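The values are calculated or read from the model by the stated rules, or taken from the named source; none is laboratory data. These numbers were taken from a predicted model, which means no experiment stands behind them. Glycine gets a Cβ as well: all are built from the backbone with ideal geometry, and neighbour counts include every protein chain shown.
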Amino acid sequence: MTQQQEQEAQLSPEVVLGELLKNGVTHVVWLPDSETNWLYLLMQDEPTLDLIPVSREGQAFSTAAGLTVGGKKPVILIQNTGMMESGDSLRGWGLSLNIPVVMMVGYRGWTRHGVNTDTAATYTERFLNAFGINYYLVENGEDAPRISVAFAEAERTRRPVAVLVGDEYHGFNR
């Protein structure tokens, strides 16, 4: 694979933003981090999106629930460590209230080779399975349509659905 083909195969922030817009996202609820800097800059320039930063990941679920009840369509953008830390908020605000929200989760420590570089990756899928939350792995641009699949499932089931972003270090930090 040439370097250009490899770059095109990577998950770019432009592709992610396109999926969010295609699915009618109105608000991005997130805890700012260095891994999503380029996506942040694109979202900031998008006039149809409102960015709602939170100081702790647990606040993302109550914020998304309020936006949903108010007729908006949020997405939650967090890292796996923060998702696990906010389990009770996910349970109470997301699952108990049947909030159809997509969580785009940075899959910190994950590698496709099965040799995780961080225990956060070891427990991510186990955490989602324990909560009964379906998830879709997105590693590159070809996987991006899974984001739309997650939005459709969240709407159909009235439950949170996760998109595990397994390529958080390519394309998002230029």
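Only one of the numbered conditions (1) under 13 Å from the mean Cα position of the chain (by Cα); (2) surrounded by 21 or more Cβ atoms within 10 Å (Cβ to Cβ) is not met by Trp93, and that is (1). Residue count for the stretch 29-62 under the criterion of being polar (S, T, N, Q), over 25 Å from Gly109 (Cβ atoms) and outside any loop (DSSP other than H, G, I, E, B): the result is 2.
Can you pull out the residues in the stretch 136-155 that are more than 19 Å from Val15 (Cβ to Cβ) and either hydroxyl-bearing (Ser, Thr, Tyr) or touching a residue at least 40 places away in the same chain (Cβ under 8 Å) (or both)?
Ala154, Glu155
Applying a threshold of 7 Å to beta carbon distances and a minimum spacing of six or more residues, or different chains, the list of pairs starting in the stretch 104-127 at a residue that is free of Cβ contacts under 8 Å to residues at least 24 places away in the same chain and ending at one that is part of a loop (DSSP other than H, G, I, E, B) and buried (at least 20 other Cβ atoms within 10 Å of the Cβ) reads Asn116/Trp110; Asp118/Arg108. State yes or no: is Ser148 among the small types (Gly, Ala, Ser) and in contact with a helix residue (DSSP H, G or I) (Cβ under 9 Å, 6 or more places away or on another chain)? Criteria met by Ser148.
In the stretch 83-93, how many residues are more than 16 Å from Glu125 (Cβ to Cβ) and out of contact with any helix residue (DSSP H, G or I) (no Cβ under 6 Å at 6 or more places or on another chain)? Before you say what the answer is, go through the steps one by one.
Start the filter on the stretch 83-93 by keeping residues that are more than 16 Å from Glu125 (Cβ to Cβ), which leaves 85-86, 88-89, 91-93.
Still in the running and out of contact with any helix residue (DSSP H, G or I) (no Cβ under 6 Å at 6 or more places or on another chain): 85, 88, 91-92.
Count: 4.
Report those helices (runs of 4 or more DSSP H) wholly inside the stretch 63-168 carrying at least 1 residues which are modelled with pLDDT of 95 or more, under 19 Å from Tyr40 (Cβ atoms) and in contact with a strand residue (DSSP E or B) (Cβ under 6 Å, 6 or more places away or on another chain).
Numbers: elements: 80-85, 119-130, 145-157.
Because the criterion is at least 1 residues that are modelled with pLDDT of 95 or more, under 19 Å from Tyr40 (Cβ atoms) and in contact with a strand residue (DSSP E or B) (Cβ under 6 Å, 6 or more places away or on another chain), the helices (runs of 4 or more DSSP H) in the stretch 63-168 that meet it are 80-85, 145-157.
Does the stretch 141-157 contain any residue that is over 24 Å from Lys72 (Cβ atoms), surrounded by 14 or more Cβ atoms within 10 Å (Cβ to Cβ) and touching a Gly at 6+ places or on another chain (Cβ under 6 Å)? No, the stretch 141-157 contains no residue that is over 24 Å from Lys72 (Cβ atoms), surrounded by 14 or more Cβ atoms within 10 Å (Cβ to Cβ) and touching a Gly at 6+ places or on another chain (Cβ under 6 Å). Taken over the stretch 36-60, the criterion of being within 15 Å of the chain's Cα centre (by Cα), among the polar types (S, T, N, Q) and surrounded by fewer than 15 Cβ atoms within 10 Å (Cβ to Cβ) is satisfied by Asn37 alone.
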